[in-house]
Each structure stands twice: as structure tokens, then as C-alpha cells.
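Note sheet for the following structure.
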Protein chains: 2
Amino acid sequence: MLIVQKYGGTSVGDLERIENVANRVAKTREKGHNVVVVVSAMSGETNKLIGYAEHFTSTPAKKEMDMLLSSGERVTAALLSIALQAKGYDAVALTGRQAGIVTDDTHTYARIESIDPTAMQNAIKEGKIVIVAGFQGINKNGSVTTLGRGGSDLSAVALAGALKADQCEIYSDVDGIYTTDPRIEPNAKKLDTISYDEMLELASLGAKVLQNRSVELAKKLNVKLYAKSSFSDNEGTLITKENNNMEAVLVSGVVLDKNQARVTLRGVADRPGIAAEIFTKLADANINVDMIIQNMGTDGLTNLGFTVPHSEHENAKKLMETFDHEMEGMDFDEHVCKVSVVGVGMKSHSGVAATAFTVLAQNNINIQMISTSEIKVSMVIDEKYGELAIRTLHEAYGLDK
Amino acid sequence: MLIVQKYGGTSVGDLERIENVANRVAKTREKGHNVVVVVSAMSGETNKLIGYAEHFTSTPAKKEMDMLLSSGERVTAALLSIALQAKGYDAVALTGRQAGIVTDDTHTYARIESIDPTAMQNAIKEGKIVIVAGFQGINKNGSVTTLGRGGSDLSAVALAGALKADQCEIYSDVDGIYTTDPRIEPNAKKLDTISYDEMLELASLGAKVLQNRSVELAKKLNVKLYAKSSFSDNEGTLITKENNNMEAVLVSGVVLDKNQARVTLRGVADRPGIAAEIFTKLADANINVDMIIQNMGTDGLTNLGFTVPHSEHENAKKLMETFDHEMEGMDFDEHVCKVSVVGVGMKSHSGVAATAFTVLAQNNINIQMISTSEIKVSMVIDEKYGELAIRTLHEAYGLDK
């Protein structure tokens, strides 16, 4: 098999941990596999460099930031290659450029445009373990670019796609995807398999293991993705195409997102374009709106609700006050949270949402907002009931079994 | 004018010092000059990275070391560019590759083969201050290479040559070239001007300000080189072509090299090839031989003397014992030092060497070995007289005037 492995900052956080990663890579190699390894900067390194830049200005040029930040991954890649060579393995370290990664011009948040895998393929043919500095590429002018936070995951998935690798393993300090946060529900179970779409819903809902862009790309390129821990030998979770087997499982996970504040606009004048104006204003202020719910009020007036991150609550409030004359009233609440139930099984099974509403009601938890997609039910509730709701839902769907 | 400035590790040792360098570059810019700045890694950074690599093996692959070590200069280049931008200057940071530096394949000690200055020239035309990460380039295969210790000086001189810059300023924590080490002779004077050849002799004799390879390259490319301090506004020393004015100065400096051990082989059988055998043996053992002196002994036997670094003394001794049967005797002394008198004026003035021998004799300092070149007289003496000899010679040639 050809396996792409990606090790995050915590997994390569110090020299002992890099040694540990070298042992893991070596073990994979010993099983007869070809291995391409993508590495992040040693944990803390990127923040240290950002701190350096911010000593001079709070708005350093993005082109310079890319040159600065891309150095961290190069260091790890070179060190891991040296560690493997010291163990007698033939390894070669490549920068993003040398690995053939070409991106667009969007410094600090570049998109991968193309990958020329020739250099990697040649090294693999020569029997080498290939180590690639993650998070980086070059644009058409030859300037160094970086892919944004979590960019090394993206590098790994993109390389796996370009190399037509059999699988792509993302290593972190968590050993897979869980039915819910084990810190909230000790009976949370690790999932063996989950679909790309479920993972996308879980990631956007607060599961920090895999970044959304990476899962999207894996889905697009049909890369078999494993979430694994670099500190254990557990099997991890396979993120892959939806299959019939999966649909038998009603719900894969329940997630709590506490970083939510609710805005409700009551009796909004129902003139064409009012919603567009409101959300354009929020977007222009770089406020990320999460849930948006609109339904009819009385007398042809409409009610509009949405949630924003906690940190944007005050800003959103100020912006909304400029629409004061166009509505009956507004209502803000920063003491809310969002609980979500995710599962591809919902597509073919009815009653999943009803179960959620029922068990929350049984626990006297009032649901303030509801939003659903094909494979997800999200509910905004009072934040003090967040953990209780998660435990209740987890049990209701039999996720602890 | 187009000025290339190079700032060493101490000059960019922390964020405050990078800020200081930014101010110096800005000041040069304000005078109406175009500036290309070459920077080293922040002091300590390169050694830290070497330490990381040596955690895994004492013999890390040189290709990997180049990828590892080249990251340090990239960080400084990006930070200096950010610091200048924060002050309102238009600056751009380039890696060695982006600056167009192509080297041979000798990783960790590469030679610059060509420079394509187009990117730098375009940036200069756009009114930008160009910051280049020193010490690095890429080879024809696109792998990162580094130029060896002192490589940033070499980058600066090579770029100055390729850009046909008006001058190249090398900044360190020393404000120029002195007639001798001020720690030995407090009356040492800073030289305004010195020739490339004199500088080459001084550098190889222990003056640490400028690396020999850089001075050689400056001579070859006819780059006007200034040695200056980044911590003062002193004028520094100009290293340039020899001119008539210089020849009026008899002696430019006197230097002490304490890292010397003497080996004398007496009554060596004068068969063809014996010297070649001896020095091949030393070279094979990577022992750097400095002075070599041969003269006739009695009965057609020859006497052979040479010096090696202190650390190689024991090794040299062991190797020489294998020639025991081919000579009358051998003599080792690690308590010696070498004092040298350097000056282009010697070419046209006789008596320089005689003065040295006379004043040392007046001070009862016995000269064990003498070696001369066109512009240098070197003498091996008992190490306890080293400082006294330097002070005596410094005064004898009127260097304190």
C-alpha cells in the first residue's frame, strides 16, 4: 500500500515525540508499505513566530508572514528525515515547493491549485520514505504561500489524492472521532467509521480533530481518511464514502457548541431585500453567522433568528440597532448553546428529530431554535442545560451501546 | 547608490536588534540609496537547530541539514521586512532561491554558481527595499543548499557583484579591521582602508571579522567591501583594490595566532617523495597544516618543520612516529604561537622583516620558525611571548600613530 501519514504539532512537539513519530513511520515501512509523511511545525513554534511578527506591527504583510511561518514545518520535516536516517531508513525531506504543491496567490490562506507528484513518485520508486513540510506551497510567481490553520491536514489529503494513495492517516493526540465529547459523557464511544458528510457536520459543530476543508477535499478526491492518535496503537476512525452499512446506524454523534449567542428580530418589515441587507451588513463586519431561521410572524411580518459567536455578540447587537425602525423588537441572548444530532441514517429513517424534541422536553429543556439538514438536527437551548442535553441525547440514541 | 548591507547573527540577535537594523536600513534609504539587505539567522538559532539534529545522530545527512539550517535566515528576513513595513517602508523578503542564487550540489558547503538578479532588480525598480535570506541557495535540482559558516557574507558579496552594487557593507559587532587585537594592544588603531590581499592574510591569521571566501570573492568581483559595526556610527574599514596610496603604508597590521603546535623533523632521509608522503598522511587524517618550512641539514639530510592546530597535535605526533626510521629525530612543541606582520608596502620596501627580527631579538624572544610571503612575515615563537611580541611589533611599525 501507499500510505500518507500526517502528524500534527502536538505529535511532533519535542525531539522525543519526533523520535516516536520516526518509530511509527518505521513500523509502517516494515510492514512493506510505501510512506509519505506530512508534518506540522513543532507545537508552539507557529505562535512564537506570530508573536515575533506582532512585536513590530499588528498587521504584518501576509506575504512575509508566509515566509516566516513556513519555516516551522521545514524544521520538523528535516528533523524527522534525520531521525529516520539515523535508524537506517532511506528518507528524504521535501518542502511544499519540492513536493510540487502550487497554490493561488492568497497569502496565509492559499488554495492548492495543482500538485506535480513527480519528485515524490521518483523518491518512492527509489525506496525512500518521503517527508513533506505541511501547510505550504508556492504560487505561480514562486513566492512561498501557506494554507491557513490546519493547513497540514489539507496538504496531506491533497498529496494523498495526487499520489492516488490507498489511505491518508491524520495523527493527533485524539485517537479518533467519538459519538460525543468524552469530557461531557464518559460513555462516549469511538466510531469505527463515519461518512464524509457526517464528519463535515461534526467538524463544523465543534469537533476539533479534523478541519472541514480537509474533509471536503478528501470527499472530493475520494481519499480514505483515518483519524488516529500518535500516542496509542488504537485503530482510529475511518472517514469514507457513505455506504449501505452506515445507514443502518441512525445517529453517529451528538455535539455541543457553547460558542453561540442568539439574535432574534421580531416583526421584521417584510420588504424585499431586508434579509439580504441584514446579513450583508454582518458579513461586511466579518461576523460569522451560524444558524439562520426565518418564519412567518403575524400580519405579514416575519421573524428572523440567527446565532453568532460569543465574541461577536456585542458587534452584532450594535449593527442590528441600525435596523431598529424596520421591526417590532429585537432580543439578544448570549447564554445559549447549540446541541446537534448528526447521522446519515436520518435520510432513510423518520423520527430522529422527534426523539430529540421528546427527550429534551422530558428533561424540561426548552428549545429556542431548530434547524435541520438532511443528516443533522441542531437545537439552540439555554447554555446551562448543554451538558445535560448531550448526555440525554447520547443515551436516547443508544450511542453508549 | 545601490548598497548591499549584510547583518550578522549578533546584529539581529533579538527583536530589539532587528528593530535597530530596520532603523539603520531606513536611514540608508532616507539618504536616497537603493538597499539590498542580506541577513543571517538570529544568533544562537543555527546552533540550536544543529543541536536538534544531533539529538538523533552525530552524522545527519547534509541535504537535510541544509533544509533545517536554511530556515533560520528565512525567519530573520521575513521579520526585518515586517519591521521595515511597520515603519512605512516598502520592503520585500526573498529566500536565496527567490533572489536567484543557484549553487553546486555540495550540501552544507555549496559554491555559488550563478545569480539571476532579475527578481531583485524588479523589486528595486518598484522602489522596494529588498531583504534576502543569506547563507542559502538552491542547486539545479531545486534542493536547498547552504554555503557553510560565514555563508551570509558570501551571499552579500555575490549579490553585490551580480547587482553591480556600488558597495557592500558587512555589519557585525566589531567596527572595522584593526592594526592588531585591541585586547592585546590597547593602542591598536582602526584601519580606514586595507587591500583585499592584506585582508586575506589577516583573516587566515585569525582576524574573525570577515571570512576568507568572502574577501576572495569580493576581490574577484571587484566589490568594494566595508566592515562596519551595527552598534555604532563609526566609519568602518574599506577593503578594496590595492592602490598607490596604500603602498606608502609599510605594515597594515600584526596578528597573533595562539592555536599552533610545532612539529620539527630533523635529518629526514632526502629521498624523492618523502615530503609528499608525510603531508598526504596528514591530509588523509584531516589535519590542517599551516606553516611548512624545509631547509637543508648536514650530509644531504633535510630538516622539515610545520605547524598544526593545537587539537591535532597528538594525532600529528602519532602519524609522524610511523616515519621514525627515516629520520634522525623529531621534536614537538605545543607551547608555541605565530605572530605575523602584514602589509602590501613590503612589496616595494625592504627591511620590514629585518625590523621584526631585530625588535624580537632586543626583547630576547627567540624565533623558532620563519615563513614569508610577498606581503607577510610569520614567525613561530614561544607562546608565553606572544602578546609581548605583538605589542613590540605594533610599536616598531608605528601602528599606534
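The values are calculated or read from the model by the stated rules, or taken from the named source; none is laboratory data. Just so you know, these numbers come straight off a predicted model, no measurement behind them. Please note: Cβ atoms are built from the backbone with ideal geometry, for glycine as well, and neighbour counts cover all protein chains shown.
Quick notes on this structure:
- Tabulated pairs, segment A:212-224, first in contact (Cβ under 8 Å) with a residue 24 or more places away in the chain, second crowded, with 20+ Cβ neighbours inside 10 Å and among the β-branched types (Val, Ile, Thr), C-beta under 6 angstrom, 6+ apart or interchain: A:Ser214/A:Val157; A:Leu217/A:Val157; A:Ala218/A:Val157; A:Val223/A:Val157; A:Lys224/A:Thr240
- Residue in segment B:17-32 that is assigned to a strand (DSSP E or B), over 12 Å from B:Leu84 (Cβ atoms) and under 27 Å from the mean Cα position of the chain (by Cα) present: no
- Hits in segment A:124-171 - residues which are polar (S, T, N, Q), within 18 Å of A:Ile3 (Cβ to Cβ) and either surrounded by 22 or more Cβ atoms within 10 Å (Cβ to Cβ) or within 14 Å of chain B (Cβ to nearest Cβ) (or both): A:Ser152, A:Ser155
- Residue in segment A:22-42 that is closer than 28 Å to B:Ala133 by Cα, touching a residue at least 60 places away in the same chain (Cβ under 8 Å) and within 13 Å of chain B (Cβ to nearest Cβ) present: yes
- So B:Glu64, is it facing chain A (nearest Cβ under 8 Å) and of a type in the set (Asp, Glu): yes
- Here the condition is being under 19 Å from B:Ile18 (Cα atoms) and either touching a residue at least 12 places away in the same chain (Cβ under 8 Å) or in the same structural domain as B:Met42 (by TED's automatic domain parsing) (or both); of B:Ala99, B:Ala110, B:Ala78, it holds for B:Ala78 alone.
- Members of segment A:48-61 found to be more than 7 Å from chain B (Cβ to nearest Cβ) and farther than 19 Å from B:Leu69 by Cβ, listed by number: A:Ile50, A:Gly51, A:Glu54, A:Ser58, A:Thr59
- Taken over segment A:206-241, the residue count meeting the criterion of being of a type in the set (S, T, N, Q) and under 24 Å from A:Ser378 (Cα atoms) is 5.
- Answer residue from segment A:74-101, given it is within 9 Å of chain B (Cβ to nearest Cβ) and of a type outside the set (A, V, I, L, M, F, W, C) and is surrounded by the fewest Cβ atoms within 10 Å (Cβ to Cβ) among those: A:Lys87
- Of the residues in segment B:294-313, at least one is touching an Asp or Glu at 6+ places or on another chain (Cβ under 9 Å), aliphatic (A, V, I, L, M) and at pLDDT below 90.
- The residue that is farthest from B:Asp14 (Cα to Cα), counting only those in segment B:225-243 that are in contact (Cβ under 8 Å) with a residue 60 or more places away in the chain and among the small types (Gly, Ala, Ser), is B:Gly236.
- In segment A:184-300, counting only strands (runs of 3 or more DSSP E) that sit wholly within it, the ones holding 1 or more residues that are among the hydrophobic types (A, V, I, L, M, F, W, C) and over 22 Å from the mean Cα position of the chain (by Cα) span A:253-268, A:292-296.
- All positions within segment A:361-401 that are surrounded by fewer than 17 Cβ atoms within 10 Å (Cβ to Cβ), assigned to a loop (DSSP other than H, G, I, E, B) and of a type in the set (A, V, I, L, M): none
- Subset of segment B:198-217 [of a type in the set (Lys, Arg) and at pLDDT 85 or above]: B:Arg213
- Looking across segment B:57-70, the residues that are surrounded by fewer than 21 Cβ atoms within 10 Å (Cβ to Cβ) and within 15 Å of A:Leu15 (Cβ to Cβ) come down to B:Thr57, B:Ser58.
- Residue within segment A:152-165 that is farther than 30 Å from A:Lys189 by Cβ and under 17 Å from the mean Cα position of the chain (by Cα) present: yes
- The number of residues in segment A:217-257 that are surrounded by fewer than 14 Cβ atoms within 10 Å (Cβ to Cβ) and farther than 25 Å from A:Val344 by Cβ comes to 2.
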